[in-house]
Amino acid sequence: MNNIGSEDYYGENEQNDETFNTCGTENAGNTGTEENSEYRADEQYAGYSSANYLGEQYLNSGSARYVGEAPTPEKKQKRASRRWPIAATICMCALALLFAATAIYAGRLSNRVAAMEAKLALSQGQTQQQTVSKSENNTENSAQNGNSSAPADGISYTHGTVPTGDEYSMIQNCMESVVSIDIMTQSGYGSVTSGSGSGVIISEDGYIVTCNHVVEDADKIYVYLNDGTSYEASLIGRDILNDIAVIKIEATNLTFARFGDSDSLRVGEGVFAIGNALGQLSNTYTEGCISALDRQITVEGQDMTLLQTDAAVNHGNSGGGLFRASDGTLIGIVNAKSDGSGIEGLGFAIPSVDAVRIVNDLMNYGFVTGRPYLGVATRDITLSGYGFFSSYYTYPKVTSVESGSPADIAGIKEGDIILAINGNSISGASGLVTELNACSIGDEITVTVLRERQNVDITVTLGERPVDSNQ
């Protein structure tokens, strides 16, 4: 079987937006209308008050005494001759006051109108300058995008930069190489649990790389391509230590990803992630950059050296691809994110240079070569301590022992529960792998097992797993 190597692929994109504000004529028009309305109201009020004031003085002056007497014509003319000059004087004074008030108000109104006209002219000038400036920018952008057309009024907007044909094709190819994975696991009492994740097609004949924690303990594995086609997959091999697994579907002529060189990455370099976000949103594309290289973190009890990225990574993205934005090569397998309130932009991926050797071993042999070998298959079980408030512990139970293996030679049997290696307590199958990989081929170790309710210590000399081994 051919080894997976690394080749170059494709490109990147960016986007700009602009927003324009309209200002000027509406405020000026409204202000002028309000000022004129106020002026007419004042003028009307002044006229109304003066007319009524003069009328009241004229009608009420001496009218009661005039009705109760029979004055002679001479006296009537004499009284009229005395009152008309007084009324005329009052009227003239009132008119003079009215004209003075009107003149003062008109002067103030004129000043306000002049100020508003100046403000309007300034606002229109700024709007025109802003329009010209933005029009020039849009003309320049249009020239860059090969589009020189613009509306006659000079108002325009800038389209975001879209991927070129090659960039779009690159992204589409990457998306077609990423698959969604559903798993079904038979648990106790006949119940079935399910889970979801992502994977990346790495060969045209259906080999897919994903994370070990996505498919471990799965009884059924289902794969969904980008076009919705579904397949049942078989497990080829998995590596607990590096959280990598290889599965396979029976299909041909598939679009597949090409591994790139993660060792050549630099902090700040653009990348994008594609995966089955939340286990429901298949082929979700997010972009970002490399935030850190060689980040040391612990994932499910395993110490790992990973790439850190700020591209959005969600539950369900595990096993998906982290691609180089410049050429579309696969430079990482997404396997972890940081959870917690206020934590954002912390995603991690297994570097491609680490994944390639493991993937080739899994494809060719079903296991990773060059590691210490015990020769047992296990499954995790839970045991409780003594007492009502006792704790629960997870241990690997031996389900089979390979004939001729170090475990078989030392006397480990099917049904044994492995409790410790060299006195170090074991927590599940992953803990067993961690302890074994801390040793070297040829090391002599003490394996403590629980057998028929008795603790038994067994001495085992570790070997190297043979290529034709199935366990």
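Please treat every number below as a calculation from the coordinates, not as lab data. This structure is a prediction, so every number in the text was calculated from the model and none was measured. So basically every Cβ, Gly included, is an ideal-geometry build from the backbone, and we count neighbours across all protein chains shown.
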List the residues, sorted by chain then number, that are 5 or more residues from THR329 or on another chain and whose placed amide H is less than 5 Å from its amide H. TYR9, TYR10, ARG324
Please give me the summed charge of the neighbours of LYS220: other residues whose Cβ is under 13 Å from its Cβ, Lys and Arg +1, Asp and Glu -1. -4
With +1 on the Cβ of every Lys and Arg and -1 on the Cβ of every Asp and Glu, the dipole magnitude of the stretch 167-369 about its Cα centre, in debye rounded to the nearest 20, is 40 debye
Once you place label points 7 Å from the Cα toward the Cβ at THR394 and ASN364, how far apart are they in nm? 3.3 nm
Give me Rg over Rh for the stretch 372-464, both radii from the alpha carbons and Rh done the Kirkwood way, two decimal places. 0.97
Please report HIS315, HIS213 as a ranked list, fewest other C-beta atoms within 10 angstrom at the top and most at the bottom. HIS315, HIS213
Counting Lys and Arg as +1 and Asp and Glu as -1 over every other residue whose Cβ sits under 14 Å from the Cβ of THR252, the net charge comes to -2
Charge tally for neighbours of LEU362 with beta carbon under 14 Å away, counting Lys, Arg as +1 and Asp, Glu as -1, is 0
Relative exposure of CYS174, CYS93, CYS289, judged by other C-beta atoms within 10 Å (fewest first): CYS93, CYS289, CYS174
For the stretch 365-464, which chymotrypsin sites (Phe, Trp or Tyr not before Pro) are both in a DSSP coil and crowded by at most 12 other Cβ atoms within 10 Å? TYR386, PHE388, PHE389
